[in-house]
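Scroll down for the structure; my scribbles are underneath it.
The values are calculated or read from the model by the stated rules, or taken from the named source; none is laboratory data. A quick note: this is a predicted structure, and the numbers were derived from the prediction, not measured. Virtual Cβ from ideal backbone geometry, glycine too; neighbours counted across all protein chains shown. Heavy atoms of the whole protein, side chains included, go into the accessibility calculation; ligands, DNA and RNA do not. Shrake-Rupley method; radii C 1.70, N 1.55, O 1.52, S 1.80 Å.
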Amino acid sequence: MTTTHILGFPRVGDKRQLKFALEKYWRGEITQDALKDEGSTIRAINWKTQADAELTYVTSGDFAWYDHVLGTSLLLGNVPKRHQQDRITLDTLFRVGRGQSQNDCGCGQAASDMTKWFNTNYHYLVPEFNADTQFSVQWTQLFEETKQALDAGHNVKPVLLGPLSYLYLGKEVEEGFERISLLPRLITAYQQIITKLEALGVEWVQVDEPILALELDNAWSGAFKLAYQMLRSKTKVLLTTYFDSVNHHLDQIVELDVDGLHIDVTHKPESLSEVVNKLPAHWVLSVGAVNGRNVWRADLAHWLETLQPLKNQLGKRLWVASSCSLLHSPVDLELETELSVETKSWFAFAKQKVNEVSLLGRALSGDEKAIAECQAYSEPLKQRALSQVIHKSHIQKQVQSLVAGSSDRSLPFTERIAAQATHLQLPKLPTTTIGSFPQTTDIRLQRSAYRQGKLNESDYTQALKGHIEDAVRRQEALDLDVLVHGEAERNDMVEYFAELLSGFQTTQFGWVQSYGSRCVKPAIVVADIEREQPMTVEWTQFAQSLTSKQMKGMLTGPVTILCWTFPREDISRQEIAQQLSLALRDEVSDLQQAGINIIQIDEPAIREGLPLKKSEQQQYLDWAVNAFKLSASSALPQTQIHTHMCYSEFNEIIDSVAALDADVITIETSRSNMELLKAFEEFEYPNEIGPGVYDIHSPNVPTKDWIKNLIQTAAEKVPIERLWVNPDCGLKTRGWDETEKSLANMVAAAKELRKEYEGI
Ligand code: GLN
Ligand code: ZN
């Protein structure tokens, strides 16, 4: 037999049951017991799925009420001081995660920071560390859930986030100490955890150390050795890594006192042979061949062929697994009723991936039927490789004919901006917004009625035009300089384009957890991408017809569309981005021809696409920048290209941001009091900038003086001639009342400053 397992299963439920239960609990509509029952049911179903597929182990410890890193903090008794009460409860967990819980007194303390889990779209709660942080094992969720799985008769392998990764992913909240100094204390707590698991009778524990895929400095990579020596017990440890190869740390890894290693071979399959060569003689090797973070069916025939010699060599020591936790996959492909049989045969969601792991394991053990099934399973992928519907030669030719200068605008920025000044006639410190206006209940109800066929197309279009007109009138009344149509027609800035472009497949239930109860439903790139008709021109042109002010067109950039969808795996990410750029370039042309003089191409996700290894980042940035530029390259010199990014860490990538060569960039700065403009100042960023002057994430209405102050701070760093005035992100989550009040103060602040700066 070949040992088979997965690294974790989605915890939201196939129809997002956990999301709905959590939100009901937070609103006070269900009791904590009812919430716990829902969690328990989901876990039982997940384990049964794994057991029915005959995986050797089912995984416990992968369930989280909000986030598994936060769960680890609670397990270790590491609760930020401001949230500590006499006892850790489920409400403590929600307070740390959300800043409040159902039974909150209203005296809300800030939630912990949230950040991206490596280069996925999942967000974790950042652990906080002080010099005097103590760890103690109090929160019993892991042990109770493991017991629940054992009681149900399963062969259970609990998973733990490893001590080094846990520390590394957190941050110091006090000056003058380094969190790695907490390691000895932390290891003591981990010892207690492992002892408790041992008492439950588990044989193997999966200890995740995903940071091994990063390029760690010696202080971190060198700390593993002693840490794992101290964790040695009767329970066997499978050291788990994923998202990228760990060969750069391999010499240190093989020295560790563990019983096996899991590697992700979906990313750089060539890394496998070196690992095999260096594998200690008594270790198991768990090969993650089923990609846990994409929706494509695994090529089992290929993996069977690749792994068979390894099976012959390692025998029982070869395990087969998912590459990473299936947390990043949608749950069940069988729920999709609108996919064609052919399309469906290309995909595997979490439930199907469990079956893939099992089937591959059986085939490797020599089960003839399983071997034949693996061959048949890969058949649709072979057919897909030849399909004319997917591979469009005219698109591929267009991509191939791109040359070095294809992405450049026809004139350099200094000449463009002069042409734009004449063409656009904007005042100093022009005011604008980032694109979306409040998505009111009306808008959402109309969209869902339309989608369900209860509202016909022409009535829906009429309703949307009404919302656009309303947004335009309000902006005129506010006297903003550059208006937007408000994005009422868009449910989501990526899905909207994915539905209009050919080459994408959307799903009904393909939800993946993003953070807490929030899930996203990424579209899937299935074929060469093509724009069959204009996507935004009609709405934008209609909006422009209502006003004599400049109407800014609004597109989502190629890199953001790529980062927020499931990509194809048969062509490179760069090539997908280029195809998207070509489609967007045509949209820019059409907008321009329709009389739109300013076009914003949003790229809030550029940073997220960065490879994990620093040494690979520049290459990515180069093609990402090129993709953005290509999409803007059809703009005439007098057409002004804007871009928008929501994050605030620009230091490392500022030269790539400058290389985008957007005429205007709007960014998030208000929360850091313009701190991040430093990067732009030091770099002497040449183009125009709109540093966000108020935080749209908060319902507070900023005063005119507060905004003025921020603009003045910005003007110390960036010459006023190059400054724009705008909020720091889109306003779709806000209400109209606060939005109008805030924007009125913003416009008033800009007007006063214009007067004050006149003649200077
Ligand atoms: N134009 C988009 C909006 O306003 C930008 C959103 C984003 O930055 N994520 O909503
Ligand atoms: Zn934003």
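When the expected Rg is taken as 2.2 N^0.38 Å, what fraction or multiple of it is the alpha-carbon Rg of the range 432-487?
1.24
Grab the other residues whose beta carbon is less than 12 angstrom from that of LEU478, score K and R as +1, D and E as -1, and report the net. Could you put the intermediate results ahead of the total?
Values: positive: ARG473, ARG474, LYS549, LYS741, LYS751; negative: GLU476, ASP479, ASP481, GLU740.
That works out to +1.
Helix 141-151 against the longest principal axis of the chain: what's the angle in degrees, Cα atoms only, rounded to the nearest 10?
50
Whole number in Å², please: accessible area per residue of the range 400-474, 1.4 Å probe, ligands, DNA and RNA not counted.
Ligands and nucleic acids excluded, the result is 54 Å² per residue.
Can you list the aspartates and glutamates whose alpha carbon is less than 18 Å from that of LYS147, not counting same-chain residues fewer than 8 positions off?
ASP37, GLU38, ASP62, GLU198, GLU203
Need one number: nm distance between label points at GLN85 and LEU402, each 7 Å from Cα along Cα→Cβ, rounded to one decimal.
Each label point is offset 7 Å from its Cα along the Cβ direction, giving 5.4 nm.
What is the spin-label model distance, in nm, from ASN218 to GLU499 if the labels are put 7 Å beyond Cα along the C-beta direction?
5.6
Over the Cα atoms of the chain, how large are the radius of gyration and the largest Cα-Cα distance (Dmax), in Å?
27.0, 86
When 1/r is averaged over all different Cα pairs and the result inverted, which Kirkwood radius in Å belongs to the range 327-458?
Taking the inverse mean of 1/r over all distinct Cα pairs, the range 327-458 comes out at 21.9 Å.
Regarding the range 241-319, what's the average projected area of the Cα-atom convex hull, expressed in nm²?
Details: hull surface 20.4 nm².
Averaged projected hull area, Cα only: 5.1 nm².
Could you state the accessible area per residue of the range 7-92 in Å², with a 1.4 Å probe and every protein chain left in place? Please list the in-between numbers first.
Details: 3360 Å² over 86 residues.
Value for the range 7-92: 39 Å² per residue.
Ranked highest first by the average count of other Cβ atoms within 10 Å around their residues, in what order do 178-184, 314-320 fall?
314-320, 178-184
I want the local charge near TRP296. Using Cβ-Cβ distances under 11 Å, sum +1 for each Lys or Arg and -1 for each Asp or Glu among the other residues.
Computed value for this residue: +1.
Take the solvent-accessible surface of the protein heavy atoms, probe 1.4 Å, and return the percent of it on the chain that carbon and sulfur atoms account for.
Answer for the chain: carbon and sulfur cover 48 percent of the accessible area.
Return one whole number: the accessible area per residue of the range 297-343 in Å², for a 1.4 Å probe.
In whole numbers, the range 297-343 has 42 Å² accessible per residue.
Filter LYS629/LYS708; LYS157/LYS351; LYS48/LYS369; LYS157/LYS236 down to the pairs with a C-alpha to C-alpha distance above 21 Å, please.
Pairs exceeding 21 Å: LYS629/LYS708; LYS48/LYS369.
Give the dimensionless ratio obtained when the Cα radius of gyration of the range 247-387 is divided by 2.2 N^0.38 Å.
Rg over 2.2 N^0.38 Å, computed on Cα atoms: 1.10.
Past 24 Å, Cα to Cα, is the threshold; run LYS81/LYS678; LYS428/LYS717; LYS19/LYS732; LYS521/LYS614 against it and keep the listed order. Numbers along the way, then the final one.
Numbers: LYS81/LYS678 32 Å; LYS428/LYS717 16 Å; LYS19/LYS732 21 Å; LYS521/LYS614 29 Å.
Among LYS81/LYS678; LYS428/LYS717; LYS19/LYS732; LYS521/LYS614, the Cα-Cα distance tops 24 Å for LYS81/LYS678; LYS521/LYS614.
Count the lysine pairs in the range 258-348 that are 8 or more places apart or on different chains: how many have C-alpha atoms under 23 angstrom apart?
The result is 4.
Size of the range 571-691 along its principal axes in angstrom, Cα-based, largest extent first?
Cα spread of the range 571-691 along its principal axes, largest to smallest: 39, 35, 21 Å.
Using the Cα centre of the range 392-551 as origin and beta-carbon charges of +1 (Lys, Arg) and -1 (Asp, Glu), tell me which of LEU429, PRO534, TYR460 is placed farthest towards the positive end of the dipole.
It is LEU429, whose Cα lies furthest towards the positive end.
Amide H of THR666 versus every other amide H placed in the peptide plane: which residues, excluding those fewer than 5 positions away on the same chain, fall under 5 Å?
THR643, HIS644, MET645, GLY690
Among THR414, THR120, what's the order by accessible area (1.4 angstrom probe), most exposed first?
THR414, THR120
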